[in-house]
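**Student:** Next up is a structure, given as structure tokens.
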């Protein structure tokens, strides 16, 4: 009779254990199913990660949880994006990301410890006294570690156990495995959307910059003009302008803002407005540059400067008054005139409070050309890091003496492109060709 009772008790205990196991399995399946449905309907990576952490806390009965993502291209590759905590616990946020990430990158498997202070894997790591236990699972996509899911401090169970067990480890690993691809997909979607938004902004910036440049060059009796500005990136800091002054006089300007891309383009927009406002108010190129410099110094940071070449063209007399604010020396040549650089010096604008702007006057005879250009021309580099250089441009100009302005312009651009080959341009390239006919 006693033996039968013992057998019955053992059978009941085994049944109870099996019922507990089945109950936990059903609970786990319910959690995983709910998690799958919820995160599968989201495209916001932060929302996905927040749900994953909160469900993980509930699944393994933990106090705090985090998702830390790895970005190998970043200066600081670790970034804890989502953190959650049981509201009944008031401990400060726990931090072990750096130590765990190093271990996880090597092993790429779950990490469980219920005695961090005595765990050799954390030897030498400063551990918060409030952290009793930790459980981490890798977020793997095609065996590549993209992050990790971590939970801290197992809450006390009815049996008094306060450590994570093998079942917790298995469940968190399943949650991490189920979530990793969804998180990565959401992040890729957001990255693509950000790129599309950026492209729309750049497209708008390109349109603004195109509108900075003259839509049509004026037809000037006895003068042939050609010009272009080619940004190294989508937008750039170079620009040129041709402004009628009346009585067959024109102000021709080439300017180059330090830097590249959108920041330089924004400054160049402002610089054009300043010159457009100052040119009608002053007679000489030097006065225009000095007035523009005063305004630029009141607006721009000292780290930004603007080089410029300003020319006042008198079409009737074929005379040009030039003034340089640190811009490349103009190139002059013709059918009967050997190519030469016009020696000019000058300080960039916003460089000094009272800068020096060098000026000179020249006359163009029929068939002679004057080329204004930015440093993107002579500082163009080929795939062997060799600069095109001012001597090469001077030599190339020997073959251009009898050509029209547009042909001269196109030939210079073409030879620069041939020289640089497949190398991406490092600087904006701007050319203005003035030819007496």
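Bear in mind these aren't lab numbers, they're just calculated from the coordinates by the rules spelled out. Keep in mind the model is a prediction, meaning the values are calculated, not measured. In this analysis, Cβ positions are derived from the backbone assuming ideal geometry, glycine residues included, and neighbour counts consider all displayed protein chains.
**Student:** Determine, for 195, 104, 349, 270, the number of other Cβ atoms within 10 Å of each Cβ, and report the residues in order from fewest to most.
**Tutor:** On the way: 195 10, 104 24, 349 28, 270 15.
Lowest count first: 195, 270, 104, 349.
**Student:** Can you pull the three principal axis extents for the Cα set of segment 216-436, in Å, largest first?
**Tutor:** If we take the Cα atoms of segment 216-436, the spans are 45, 45, 30 Å.
**Student:** For segment 116-217, place one equal point scatterer on every Cα, skip the solvent, and apply the Debye formula. What is log10 of I(q)/I(0) at q = 0.10, 0.14, 0.23 Å⁻¹?
**Tutor:** At q = 0.10, 0.14, 0.23 Å⁻¹ the computed log10 ratios are -0.53, -0.75, -1.18.
**Student:** Separate question: Could you check the spin-label model distance between residue 343 and residue 192? Points 7 Å from the Cα along Cα→Cβ, value in nm.
**Tutor:** The two pseudo-label positions are separated by 6.1 nm.
**Student:** Based on the Cβ-Cβ distance from residue 395 to residue 361, what FRET efficiency comes out when R0 is 30 Å, to the nearest 0.05?
**Tutor:** That gives a FRET efficiency of 0.65.
**Student:** Still on this structure, I have one more. How many nm is it between the label spots at residue 277 and residue 144, if each spot is 7 Å from the Cα in line with the beta carbon?
**Tutor:** Label-label distance for residue 277 and residue 144, simple model: 5.0 nm.
**Student:** Still on this structure: Among 284, 303, 324, 258, which comes first, second and so on when ranked by fewest other beta-carbon atoms within 10 Å? Could the numbers behind the result be given before it?
**Tutor:** Values: 284 14, 303 8, 324 28, 258 17.
Final ranking by Cβ density, sparse to dense: 303, 284, 258, 324.
**Student:** Something else: To make sure I understand, if each residue's beta carbon is the centre and we count other beta carbons within 10 Å, what order do 319, 113 fall in, fewest to most?
**Tutor:** Ascending number of Cβ neighbours within 10 Å: 319, 113.
**Student:** Find, to one decimal place in angstroms, the Kirkwood hydrodynamic radius of segment 308-437, where the mean of 1/r is taken over every pair of different Cα atoms and then inverted.
**Tutor:** It is 15.4 Å.
**Student:** Could you grab the Rg to Rh ratio for segment 165-206? Cα atoms only, Kirkwood for Rh. All intermediate terms of the calculation are to be shown ahead of the outcome.
**Tutor:** On the way: Rg = 18.1 Å, Rh = 12.7 Å.
Taking Rg over the Kirkwood Rh, I get 1.43.
**Student:** Once you put a point 7 Å from the Cα of residue 165 and another 7 Å from the Cα of residue 230, both along the Cβ direction, what distance in nm separates them?
**Tutor:** Distance between label points: 7.2 nm.
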